[in-house]
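The values are calculated or read from the model by the stated rules, or taken from the named source; none is laboratory data. Only a predicted model underlies this, so the values are computations on that prediction, with no experimental measurement involved. When we count neighbours, we look across all protein chains shown, and the Cβ atoms used for this are built from the backbone with ideal geometry, even at glycine.
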Amino acid sequence: MKILVCITQVPDTTSKIAFTDNNTHFNTQGVTFIINPYDEWYSLVRALELKESGVASAVHLVTVGKIDTEPIIRKALALGGEEAIRIDADSNDPYAVAAQIAAYAKDQGYDLILCGKESIDYNNGVVGGMLAELLDMDYIGFATNVNVEGTTATVKREIEGGEETDTCSLPLVISCQKGVAEARIPNMRGIMAARTKPLKVVAPADIQPLSVITSYELPPAKTGVKMIDPENMDELVNLLHTEAKVI
Amino acid sequence: MSVIVLAEHTQGTFKKKTFEAVQYAADIAKSLNTSVTAVALGNIADDQMQGLGQYGAQKAIHIADARLDNINARAYAKALVNIAQKEGAKVIIALHDVTGKAIAPRVAANLKAGMVAGAIGYPDLQNGFVVKKTVFSGKAFAFVNITSDVKVVTLMPNTFQVKKGEGTAAVEKMDVAFDDKDFKVQVKEVNKVTGTVPLSEAELVVSGGRGMKGPENWHILEDLAKELGAALACSRPVADAHWRPHYEHVGQTGGTIRPNLYIAVGISGAIQHLAGVNGSKVIVVINKDPEAPFFKAATYGVLGDAMEVVPKLTAAVKKFKESHN
């Protein structure tokens with residue numbers, strides 16, 4: 001079974017979020033970029049576990065990004081994977097990202113494609129579903145547990161107020177979240193090996209983006225918390241009713 | 001040139017969030033000078049379908065195929081694509097919930113439609129089709145212009161108040177040809193917590209963190225939640241320690257919620273937790289640590305021991321409810 005793991009680069013959570021050019025561009029100055037946590041901690045690790053247990057024969061990583069994404073691709077390879085593919089294109093429109101990956105992956109014989117539940121920068125979570133449609137595969141989102149036996153995957157996923165267990169035959173696209181695997185720290189051997197693992201750069205297919213971010217906005221500054229005396233919960237309830245109007 | 005909206009139902013009943021989606025779609029249709037059609041799949045009664053007229057739907061298409069009684073993303077997406085093409089739909093609306101997230105991207109990719117996931121505003125039609133959504137885990141907003149001919153938007157639940165009006169939608173039955181491959185995903189088991197408000201739809205949420213000291217103390221939060229009619233949530237350390245079920249976990253790697261009221265008890269307010277709840281309209285923080293960062297993000301704060309403060313708050317809520325009945 002051949003697995004493709006989709007990796008995206010995102011700003012670190014604790015980064016200060018600021019915009020430049022009249023709020024039209026994200027300010028990358030001083031920002032540390034990391035592998036999207038859902039991709040790194042869950043999708044990639046699960047793929048590696050399936051390889052280690054002999055269920056998968058190969059794990060490949062794919063990123064849609066420009067050359068500045070190569071450091072994090074190497075970091076991902078340090079955890080594992082035989083090779084990485086970087087499709088040399090911008091990743092600002094989810095359809096374009098999905099279409100680029102589909103254009104590459106469609107003839108490569110992947111049985112299982114894993115994505116993270118969403119990227120922590122744009123919080124869309126749509127590439128997986130789009131990729132499945134473009135590759136004529138099924139898609140199971142929000143997996144909390146992934147197992148494969150033969151050509152059947154058994155996936156536990158989160159639904160509103162509970163959990164569902166699905167089975168589906170391969171090929172399949174799955175988006176992963178907490179529960180699928182435990183995050184790993186790359187060891188020295190992995191880091192050294194990553195330097196020489198193949199990182200193939202692929203020219204992008206001719207795909208037009210279908211959306212564009214025209215501007216950003218920061219939320220209004222918080223006006224300071226109103227502290228309430230713990231002995232006076234009636235006051236809090238009153239404020240929640242009359243001032244905040246939430247009860 | 002119409003607008004279509006997926007009207008989700010749970011075993012034949014529409015929920016408030018579905019009315020939000022229909023209303024959103026109807027308002028967009030009005031701005032575009034076109035009609036809106038609601039689409040429901042599976043087992044749902046005609047009078048329910050007609051009722052969508054109260055939220056602005058002129059027409060309601062029902063695909064009654066028994067195989068659709070269980071939500072199946074691939075089949076549902078196929079049906080929506082079919083209807084979108086038949087109706088010449090230019091805008092397709094769904095909810096940004098578990099179901100919508102599985103179906104809408106498939107529809108978008110199939111129709112080569114640009115998509116905004118998690119809209120929190122109406123599209124600005126003056127400058128294209130610009131939709132507002134939250135980005136960077138709630139730290140900012142982005143305005144996204146969908147430039148394709150057909151557009152897909154999923155609406156964040158609990159963004160807009162629903163206004164029930166008058167009107168009856170005209171119900172139309174339709175059939176869609178499905179293949180076996182549309183039903184490859186088999187649901188083997190469903191474990192749902194019944195009798196409580198699902199967290200993602202809750203308007204009021206009571207949440208506990210490590211400051212609660214242990215699962216044995218959760219009854220004080222359960223009592224408060226019950227009195228308020230609120231759903232329960234928790235921070236990551238609490239879920240990791242198995243004090244609470246993981247579906248209660250809200251935060252960057254847990255769920256994202258946008259309730260009207262979020263009461264955080266014994267939660268310090270790390271950035272990763274805030275990422276899941278910073279869309280809440282009002283935040284109340286109860287913590288005995290004056291340095292807890294959460295106070296900076298709170299609307300109201302109470303500096304005190306949860307074990308003492310929460311029962312007092314529950315009693316105050318109870319008193320309020322009694323005097324208002």
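Quick check on this structure: which one of B:GLU227, B:GLU216 is surrounded by fewer than 19 Cβ atoms within 10 Å (Cβ to Cβ) and more than 22 Å from A:LEU239 (Cβ to Cβ)? Walk me through how you get there before you give the answer.
On the way: B:GLU227 fails: more than 22 Å from A:LEU239 (Cβ to Cβ).
Going through B:GLU227, B:GLU216 in turn, the sole match is B:GLU216.
Which of the residues belonging to the stretch A:116-133 are facing chain B (nearest Cβ under 7 Å), of a type outside the set (Val, Ile, Thr) and over 19 Å from B:ALA77 (Cβ atoms)?
The answer is A:ASP121, A:TYR122, A:ASN123.
Acidic (Asp, Glu), touching a residue at least 60 places away in the same chain (Cβ under 8 Å) and facing chain B (nearest Cβ under 8 Å), is that true of A:ASP111?
On the way: acidic (Asp, Glu): yes; touching a residue at least 60 places away in the same chain (Cβ under 8 Å): yes; facing chain B (nearest Cβ under 8 Å): no.
The answer is no for A:ASP111.
In the stretch A:199-227, which residues are surrounded by fewer than 17 Cβ atoms within 10 Å (Cβ to Cβ) and free of Cβ contacts under 8 Å to residues at least 60 places away in the same chain?
A:ASP206, A:PRO219, A:PRO220, A:ALA221, A:LYS222, A:THR223, A:GLY224, A:LYS226, A:MET227
Among the residues of the stretch A:197-242, which ones are part of a loop (DSSP other than H, G, I, E, B), over 30 Å from A:ASP88 (Cα atoms) and more than 9 Å from chain B (Cβ to nearest Cβ)?
A:PRO220, A:ALA221, listed by residue number.
How many residues, within the stretch A:22-42, are surrounded by 19 or more Cβ atoms within 10 Å (Cβ to Cβ) and closer than 15 Å to A:LEU77 by Cβ? Before you say what the answer is, go through the steps one by one.
Going through the stretch A:22-42, the residues surrounded by 19 or more Cβ atoms within 10 Å (Cβ to Cβ) turn out to be A:26, A:35-42.
Checking which are closer than 15 Å to A:LEU77 by Cβ leaves us with A:35, A:39-40.
Result for the stretch A:22-42: 3.
Residue check: is A:ILE140 farther than 21 Å from A:VAL10 by Cβ, of a type in the set (A, V, I, L, M) and either buried (at least 24 other Cβ atoms within 10 Å of the Cβ) or more than 7 Å from chain B (Cβ to nearest Cβ) (or both)? Write out each step before concluding.
Details: farther than 21 Å from A:VAL10 by Cβ: yes; of a type in the set (A, V, I, L, M): yes; either buried (at least 24 other Cβ atoms within 10 Å of the Cβ) or more than 7 Å from chain B (Cβ to nearest Cβ) (or both): yes.
Answer is yes for this residue.
Within the set of pairs 6+ apart or on separate chains, which have a first residue in the stretch B:139-151 that is free of Cβ contacts under 8 Å to residues at least 12 places away in the same chain, a second that is surrounded by 20 or more Cβ atoms within 10 Å (Cβ to Cβ), and C-beta atoms under 7 Å apart?
Hits for this filter: B:ALA140/A:TYR216; B:ALA142/A:TYR216; B:ALA142/B:LYS133; B:ALA142/B:VAL135.
Filter the strands (runs of 3 or more DSSP E) completely within the stretch B:1-99 down to those with at least 2 residues that are under 21 Å from B:ALA119 (Cα atoms) and in contact with a strand residue (DSSP E or B) (Cβ under 9 Å, 6 or more places away or on another chain).
So the answer is B:3-6, B:36-41, B:91-95.
Suppose we filter the stretch A:1-50 for residues that are within 20 Å of the chain's Cα centre (by Cα) and within 30 Å of A:VAL148 (Cβ to Cβ); how many remain? If you could, list the steps in order and put the result at the bottom.
So the first thing to find is which residues in the stretch A:1-50 are within 20 Å of the chain's Cα centre (by Cα), and the list is A:2-15, A:17, A:26, A:28, A:31-50.
If we keep only those that are within 30 Å of A:VAL148 (Cβ to Cβ) as well, we get A:2-10, A:34-50.
Going through the stretch A:1-50 one residue at a time, the tally reaches 26.
Aliphatic (A, V, I, L, M), at pLDDT 95 or above, within 17 Å of A:GLY65 (Cα to Cα) and over 13 Å from the mean Cα position of the chain (by Cα): is that true of A:ALA103 in this structure?
Working: aliphatic (A, V, I, L, M): yes; at pLDDT 95 or above: yes; within 17 Å of A:GLY65 (Cα to Cα): yes; over 13 Å from the mean Cα position of the chain (by Cα): yes.
Yes, satisfied.
Consider A:PRO171 carefully, then state whether it is surrounded by 14 or more Cβ atoms within 10 Å (Cβ to Cβ) and modelled with pLDDT under 95. Full working, then the answer.
Values: surrounded by 14 or more Cβ atoms within 10 Å (Cβ to Cβ): yes; modelled with pLDDT under 95: no.
Taking the combined requirement at face value, the residue does not satisfy it.
Being without any contact (Cβ under 8 Å) to a residue 12 or more places away in the chain, of a type outside the set (Lys, Arg) and farther than 21 Å from A:VAL59 by Cβ: is that true of A:ASN123 here? Spell out the reasoning first.
Working: without any contact (Cβ under 8 Å) to a residue 12 or more places away in the chain: yes; of a type outside the set (Lys, Arg): yes; farther than 21 Å from A:VAL59 by Cβ: yes.
It is true that A:ASN123 is without any contact (Cβ under 8 Å) to a residue 12 or more places away in the chain, of a type outside the set (Lys, Arg) and farther than 21 Å from A:VAL59 by Cβ.
Which one of B:ILE286, B:ILE257 is within 27 Å of the chain's Cα centre (by Cα), under 28 Å from B:LYS101 (Cα atoms) and among the hydrophobic types (A, V, I, L, M, F, W, C)?
Details: B:ILE286 fails: under 28 Å from B:LYS101 (Cα atoms).
It is B:ILE257.
If you take the residues of the stretch B:286-325 that are assigned to a strand (DSSP E or B) and facing another protein chain (nearest Cβ under 7 Å), which of them is surrounded by the fewest Cβ atoms within 10 Å (Cβ to Cβ)?
Going residue by residue through the stretch B:286-325, those that are assigned to a strand (DSSP E or B) are B:286-287, B:300-303.
Filter once more, so that each one left must be facing another protein chain (nearest Cβ under 7 Å): B:300-303.
Details: B:TYR300: 22, B:GLY301: 24, B:VAL302: 28, B:LEU303: 17.
Only one residue fits best here, namely B:LEU303.
For the stretch A:1-17, name all the residues that are in contact (Cβ under 8 Å) with a residue 60 or more places away in the chain and within 13 Å of chain B (Cβ to nearest Cβ). Spell out how you get there, then give the answer.
So in the stretch A:1-17, the residues in contact (Cβ under 8 Å) with a residue 60 or more places away in the chain come out as A:1-11, A:13, A:17.
If the condition is that a residue be in contact (Cβ under 8 Å) with a residue 60 or more places away in the chain and within 13 Å of chain B (Cβ to nearest Cβ), then A:VAL10, A:PRO11, A:THR13, A:ILE17 are the ones that fit.
It is to be established whether one or more residues within the stretch A:43-62 are surrounded by 16 or more Cβ atoms within 10 Å (Cβ to Cβ), within 14 Å of A:GLY190 (Cβ to Cβ) and β-branched (Val, Ile, Thr).
Within the stretch A:43-62 (the criterion being surrounded by 16 or more Cβ atoms within 10 Å (Cβ to Cβ), within 14 Å of A:GLY190 (Cβ to Cβ) and β-branched (Val, Ile, Thr)), the answer is yes, since at least one residue qualifies.
Counting only residues that are within 7 Å of chain A (Cβ to nearest Cβ) and free of Cβ contacts under 8 Å to residues at least 24 places away in the same chain, which one in the stretch B:167-205 is nearest to the chain's Cα centre (by Cα)?
B:LYS192
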